[in-house]
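Notes to accompany the following structure.
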Amino acid sequence: VKPGTFPFDDMEDFSTPGLMLFAQLEGHPEDLTILEEMIATARKLATTLGGDVFDDTRRPLTVRKEEEMRNAVLANEVRFRRAARR
């Protein structure tokens, strides 16, 4: 399916096989909060729409994968701080 936008004037007839949520994180302290909110939003959408939440490999999102994502965000924050000091 080609990426696009929602047809807000015709949402009652609209369907799609999936939604992708993403965020550009730039190493700020609030990045972890953004990730947490994105995961919560994905879970709420899945519950409301009768769907599932998958990770970047198209497998069900697990607690372990969520922890890996959190660790990646924290590592990214450290990298950005080091780069800013140079």
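List of remarks:
- Taking the range 19-64 as the range and being of a type in the set (Gly, Ala, Ser) and in a loop (DSSP other than H, G, I, E, B) as the test, the residues that pass are ALA23, GLY27, GLY50, GLY51.
- All positions within the range 36-51 that are loosely packed, with under 11 Cβ neighbours inside 10 Å and under 13 Å from the mean Cα position of the chain (by Cα): ALA40
- Residue pairs meeting the criteria (Cβ under 6 Å; at least 6 apart or on separate chains; first over 22 Å from VAL53 (Cβ atoms), in the range 1-30; second among the charged types (D, E, K, R)): GLY27/GLU77
- Among the residues of the range 1-35, those identified as open to solvent by 70 Å² or more (accessible area, probe 1.4 Å), of a type in the set (D, E, K, R) and closer than 16 Å to MET69 by Cα are GLU26, GLU30.
- Residue list for the range 52-86, restricted to those being open to solvent by less than 70 Å² (accessible area, probe 1.4 Å) and over 23 Å from LEU19 (Cβ atoms): ALA75, ASN76, GLU77, VAL78, ALA83
The values are calculated or read from the model by the stated rules, or taken from the named source; none is laboratory data. Please read these numbers as outputs of a predicted model, since none were measured by experiment. So basically every Cβ, Gly included, is an ideal-geometry build from the backbone, and we count neighbours across all protein chains shown. Note: areas computed on protein heavy atoms with side chains; ligands, DNA, RNA excluded. Shrake-Rupley method; radii C 1.70, N 1.55, O 1.52, S 1.80 Å.
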